[in-house]
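The values are calculated or read from the model by the stated rules, or taken from the named source; none is laboratory data. No experiment lies behind these values; they were computed from the predicted model shown. Cβ placement follows ideal geometry from the backbone for every residue including glycine, while neighbour counts extend to all protein chains displayed. With ligands, DNA and RNA removed, areas are computed over all heavy atoms of the protein, side chains included. Shrake-Rupley method; radii C 1.70, N 1.55, O 1.52, S 1.80 Å.
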Amino acid sequence: MMSGQVPSELAMLTTLQELLLDDCSLSGTLPAVLGSLTNLTTIRFHRNKNIKGPIPSEYGMMNSLMDLSINQNKLSGSLPSELFQMSSLTELTLVKNKFTGTIPVELSLLTGLTDLRIQKNKFSGAIPSEVGILTRLSRLNLGDNNLQGTIPTEIGMLSNTEDIFLAAASLAGPIPSECGLLVNTMQDNQLSFIPIDFWQMTNMLKLKLQNNLFSGPLPSEIGAFRKIEDVEAYDNFFSGALPSELALLTSMTALQLHGNQLSGSIPVELSKLASNGSLELLTLSGNPLSGVVPGELCSLGQYNTTTKDPFGLDFDCGGLLCGCDWCRCGLL
């Protein structure tokens with residue numbers, strides 16, 4: 001296995017097409033001289049952890065490069081403008097480095113991109129509206145950065161994108177209706193409003209809205225998510241009653257709604273999800289719910305909030321809400 005600095009002598013391999021140096025314990029900076037390898041189609045330096053410094057501007061000369069993937073290293077600085085001259089690029093993944101600065105609007109020049117993942121860096125500023133020009137994207141992950149502002153409506157133009165991840169930023173405001181049919185992972189932001197179009201995502205498999213500022217009731221339209229497997233909407237300000245239409249989500253294995261302001265009783269219809277064997281996790285603690293837990297839900301078992309056991313039932317056992325063997329009270 002190669003170790004030490006990335007050897008500049010690699011530039012002598014003028015016909016080289018793929019440079020794959022994953023998990024090699026490499027260190028130091030990326031040699032600028034590698035930019036002369038104009039026949040390269042793929043560069044991958046994953047999980048070396050000690051490659052640092054910027055991406056050399058000379059890499060913009062690699063006019064045949066299709067895949068630039070340098071994940072889990074210590075690269076830093078802003079992205080060089082020359083990077084966006086590589087019109088052949090289809091995959092750009094720079095995950096878990098230390099890049100800073102804004103996401104350049106010149107990114108829109110890479111119209112052939114199908115995969116753009118730059119999560120877990122230190123990018124700041126707003127998401128440029130020009131991202132909407134990248135209509136060939138199938139994956140877009142901008143999460144775990146220092147991004148601010150609102151979600152641009154132009155993201156709604158990414159109709160070919162299967163996975164849009166905007167989590168763990170400081171995005172605020174509503175989810176634009178233009179984006180409601182696309183973005184399904186927006187946890188850990190400051191978003192506050194869900195458009196009605198959002199509830200038309202009938203092919204969604206996972207919905208992650210936790211730790212935002214969403215309020216109001218969960219609409220009955222959520223029952224249209226017939227294929228959904230995982231709903232995580234905890235630590236928001238959802239209020240009102242739990243819609244009985246949740247029972248229509250017969251493929252759902254996890255429903256996490258703890259830390260909201262939901263009230264009323266737990267719909268007996270939810271028992272169907274436990275009795276048919278699909279539902280494995282239901283968390284409702286931190287809500288002013290009342291009444292008796294439907295008996296069939298008790299079969300999920302008690303969720304251990306200390307060890308974070310993956311399956312079970314979690315609710316606030318007390319005078320307002322009770323049931324199950326571990327929560328006997330006067331209402332029973």
**Report entry** Sum of side-chain charges, Lys272 neighbourhood, beta-carbon under 15 Å (Lys, Arg +1; Asp, Glu -1)
**Finding:** -3
Query raised in the report: How high is the relative contact order of the chain, given as a whole-number percent (alpha carbon pairs under 8 Å, six or more residues apart)?
Result: 7
Report summary line: In whole µm²/s, the translational diffusion coefficient that Stokes-Einstein assigns to region 195-296, given a Kirkwood hydrodynamic radius over C-alpha pairs, 20 °C and 1.002 mPa s, equals 158
Report summary line: Amide H neighbours of Asn141 at under 5 Å, excluding residues fewer than 5 places away on the same chain, with H built from the backbone geometry, are Leu116, Arg117, Ile118, Phe165
Query raised in the report: Once amide H atoms are built 1.01 Å from N in the peptide plane, which residues 5 or more positions from Gly312, or in another chain, come under 5 Å H to H?
Result: Leu281, Leu282
Query raised in the report: Between region 292-317 and region 134-165, what is the C-alpha centre distance in whole Å?
Result: 36
Report summary line: region 6-153: relative contact order from alpha carbon pairs under 8 Å, six or more residues apart, as a whole percent, is 16
Query raised in the report: Taking θ as phi - 60°, what are the ³J(HN,Hα) couplings along region 268-274 by the Karplus curve (6.51, -1.76, 1.60), each to the nearest whole Hz, with x for Gly and Pro?
Result: 5, 4, 4, 4, 4, 5, 7
Report task. Please give the per residue accessible area of region 29-75, computed with a probe of 1.4 Å over protein heavy atoms only, in Å². Result -> 38
**Report entry** Which of Ile70, Gln85, Val268, positive extreme of dipole for the chain (C-beta unit charges)
**Finding:** Ile70
Report summary line: Rounded to the nearest 0.05, FRET efficiency between Asn146 and Glu106 (Cβ-Cβ, R0 30 Å) equals 0.90
Query raised in the report: For the pair Ser251 and Arg47, how long in nm is the line joining their label points, each one 7 Å along Cα→Cβ?
Result: 3.0
Requested in this report: Using the 2.2 N^0.38 Å rule of thumb for compact globular proteins, work out how region 123-170 stacks up: its C-alpha Rg over that value, please.
Outcome: 1.07
Report summary line: Binned at 5 Å from zero, the C-alpha pair distances of region 257-332 give percents of 3, 17, 28, 29, 18, 4, 0
Report task. On the protein heavy atoms, probe 1.4 angstrom, tell me the percent of accessible surface of the chain carried by carbon and sulfur. Result -> 49
Query raised in the report: How much accessible area per residue does region 263-308 have, in Å², with a 1.4 Å probe?
Result: 45
Query raised in the report: Of all the Cα-Cα pairs you can form in region 252-293, what percent are over 11 Å apart?
Result: 66
Query - Relative contact order (%) - criterion: Cα under 8 Å, at least six apart; region: region 192-332 - result: 17
**Report entry** Computed Kirkwood radius, in angstrom, where 1/r is averaged over Cα pairs of region 81-154
**Finding:** 12.4
**Report entry** Radius, Kirkwood style, for the chain when every pair of distinct Cα atoms is counted (Å)
**Finding:** 22.1
Requested in this report: Could you pull out every residue, at least 5 positions away or on a different chain, whose amide H is within less than 5 Å of the one on Gly53? Hs are placed 1.01 Å off N in the peptide plane, and Pro or chain starts have none.
Outcome: Ser76
Report task. Quote the convex hull volume per residue of region 25-106, based on C-alpha atoms, as a whole number of Å³. Result -> 79
Report summary line: So the compactness index of region 72-122, its C-alpha Rg divided by 2.2 N^0.38 Å, takes the value 1.09
Query raised in the report: Which distance in Å, rounded to a whole number, links the C-alpha centroids of region 97-116 and region 213-250?
Result: 34
Report summary line: Lys and Arg at +1, Asp and Glu at -1: neighbours of Gly60 with Cβ under 14 Å from its Cβ sum to -3
